[in-house]
1. Would you please name the residue that is nearest to Asp541 (Cα to Cα), looking only at residues in region 496-518 that are small (Gly, Ala, Ser) and surrounded by fewer than 21 Cβ atoms within 10 Å (Cβ to Cβ)?
2. Looking at Gln216, Gln226 in this structure, which one is over 16 Å from Asn155 (Cα atoms) and not in a helix (DSSP H, G or I)?
3. If you go through region 396-416, how many residues are within 17 Å of Phe581 (Cα to Cα) and surrounded by fewer than 17 Cβ atoms within 10 Å (Cβ to Cβ)?
4. Can you tell me which residue within region 472-487, out of those that are surrounded by 22 or more Cβ atoms within 10 Å (Cβ to Cβ) and farther than 15 Å from His652 by Cα, is farthest from the chain's Cα centre (by Cα)?
5. Take Val291 and tell me if it is buried (at least 21 other Cβ atoms within 10 Å of the Cβ), within 24 Å of Glu492 (Cβ to Cβ) and of a type in the set (Val, Ile, Thr).
6. Within region 31-58, count every residue that is more than 25 Å from Ile281 (Cβ to Cβ) and part of a helix (DSSP H, G or I).
7. Select from region 207-229 the residues that are surrounded by fewer than 19 Cβ atoms within 10 Å (Cβ to Cβ) and among the polar types (S, T, N, Q) and write down the one among them that is farthest from the chain's Cα centre (by Cα).
8. Just one of Leu12, Leu66, Leu41, Leu36 is at pLDDT below 85, of a type in the set (A, V, I, L, M, F, W, C), in the same structural domain as Ala105 (by TED's automatic domain parsing) and surrounded by fewer than 17 Cβ atoms within 10 Å (Cβ to Cβ); which is it?
Amino acid sequence: MNNNNHPVAQQLSIQEAIRQAYEHWNAGQASQAEQLCLRVLQVLPHQPDVLHLLGVIAHAYGKLDLAIEHLRKACLYPTVPAIYSSNLAEMCRQKGLLAEAEQAARRAVAQEPLLVAAWNNLGIILQESGKFDASLECLQHVIALQPDNHEAHNNLANTYKRLGRLDQAQASYQRALALRPDYAEVHSNLAFLLSDLGRFDEAVVSAEKAIDINPQLADAYFNLAQIEMSRMRYADAQRWINALLAFAPQHAGALTARAQLLIKADHHQEALACMRDVLTIAPDSANAHNVLGKALQALGQHEEAMQAFDRAVALPGTVAEEASVARASLLMETGNKEEAIAAFDRALELFPASRMVMTARCDSKTYRSDDPDIAMMEAALEQAMNPAINEQMDLHFALGKAYLDTGNSERAFFHLDQGNAIKRATFQFDVVKTGEWMKKIAAAFTPELMEKFKDAGAASERPVFVMGMPRSGTTLVEQILASHSGIHGAGELSALRHAVDRAGVFPDGIASWSKDDFARIGQDYLSRVASLAPDALRLVDKMPANFLHAGLIPLILSGARIIHCRRDPVDTCLSCYSKNFAGEQLFAYRLDELGAFHLEYQALMDSLRKVLPPDRFLEVDYENVVDDLEGEARRLIAFVDMPWEDACLSFHKTRRIVRTASVSQVRQPIYATSKGRWRRHAAYLGPLLKALGVDQPAKDLQ
């Protein structure tokens, strides 16, 4: 018998209250639906249909943890509809709980084999877990059930992309757009695919179209940032990340991308803080742990970096392959070459025929003509389904190195030319304007300026700057110095560039700077490096590009020493051309531009040589170090005013961090095989030789 004084939940039958709650929800009346659900729970605290609806409502309000809590309770009942498990699977996926998500989705499809939503969710979860073959099978099943399901075609395309089947991915995206032309997510995903194909301008247009359709589609902003990062347009990437964070401040992917940009800009502490924040939002994100590892690595916190990479490998997701490579590369960097080789081997066991592993380990080995990696990398390039443009580039550079090792110049330069051309197409660089800028630098440092401000800077004896063209012996010289007990090799620091940038426009501002301005820049530099090995009497800053600031150094740091490394110009440029640098050596990817840049660099150093204080400026020729290691090593140690130590002759045994393209070479005793190396390959160096004004040898030494 009904009593009008009873609560609403008791006036209605439980089933009627639940029915009305769902009607309110479907009518967009979330508050009324929620109130009815809560009243039902007062009577039946574990009613699964109500818990499910509360979970859906919580999810709509962005309360993902609460939504998952409700759905878990609802799914404890074996008789609930399969869609409940399917919805739980999707919410767990969004939280990054991929193992639980997969379990829930498999439970849903087992219970109701024709439930398309559950198969679709399972396909996405498997894809994000890195189980691409299983994902493909799953999503093909969805399309068999619903051939015109535009979402399924999009999801299938995403899996094809992950499998490297880019042509099929593009066809599936186009099919999804044919079914629904205003499908913003597909325009965004297609943008990322076009970027992988090297069609960057088309990619930007596609992503911007996605944003026009849905201005709050987070992935489109994120993809735009990734596209711009891939072609080194970091300011544009930052603009898109800021736009995304403006309406999604807790977007873990955007915050992770921001940290990557901070690492690129050498703001490593800020990047680390950013990643700590990300991990409070997404503690089980494999990608977040991977980028955390990179930030820690950049800060020299190698044990913590290794732990982060290990965590990234262990978590479900698609970055385990990259993190496996990162941990092996970290072992190389820290001088553990045997462990690094074993780590690369383990990575290849986990990811058989991985292009990423094969290309990443190319510097850890000397190839022989029968090395199986060569055949596998060649096969990867010849596949009908071409790898992404970045993978192609990495394969070409690795094969170029392999064929140089085996003495096959023709094949080496076939691949080096291809790899360099791909890289060069990703950014803008004007070698003429760069040359004009370097001439302006040379003109700024007159004898009068140097005399006027010779005592302006901080008088610290601690800084030692090792500079020159990349691949000119800077790492070798640093390693010799750093083998001394009183000298710390700090690697390639950006501290000087940041201190100068902070002071004003270089070199234009120099004419108006006062003595205090020069002193302030020097103190700024010293404060940036103060925490690096504070007990060391000398600190070596081995940023090659500091040659651009060589004239400024005596004015801001009157006690500093400069060591300029020189090497045969053609050998230097050839060595640059054979490397896909991690940093921005924009001049290095065309032989004619390399030659032109080297000439401008030589002209700048010729000018600065006349004005730099001779007691603080030393030039070291790579070839002389190779021919007379002890003589040159003693000269270096004497120049930095330190007592001789025999350890400087055994530099290859020194255990220290080396983060340059020369990481393998400085772990070996001195060798002469790189001296005059270019003559063996002269037939392939025509544009470089012409730019440098060097004649072809009378007889190629092939």
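The values are calculated or read from the model by the stated rules, or taken from the named source; none is laboratory data. Just so it is clear, the model here is predicted, and its values are computed rather than measured. No Cβ is skipped: glycine too gets one built from the backbone with ideal geometry, and neighbour counts run over all protein chains shown.
1. Checked region 496-518; the qualifying residue nearest to Asp541 (Cα to Cα) is Ala503.
2. Gln216
3. 0
4. Taking the candidates together, the pick is Ile487.
5. yes
6. So the count comes out to 19.
7. Asn214
8. Answer to the check: Leu41.
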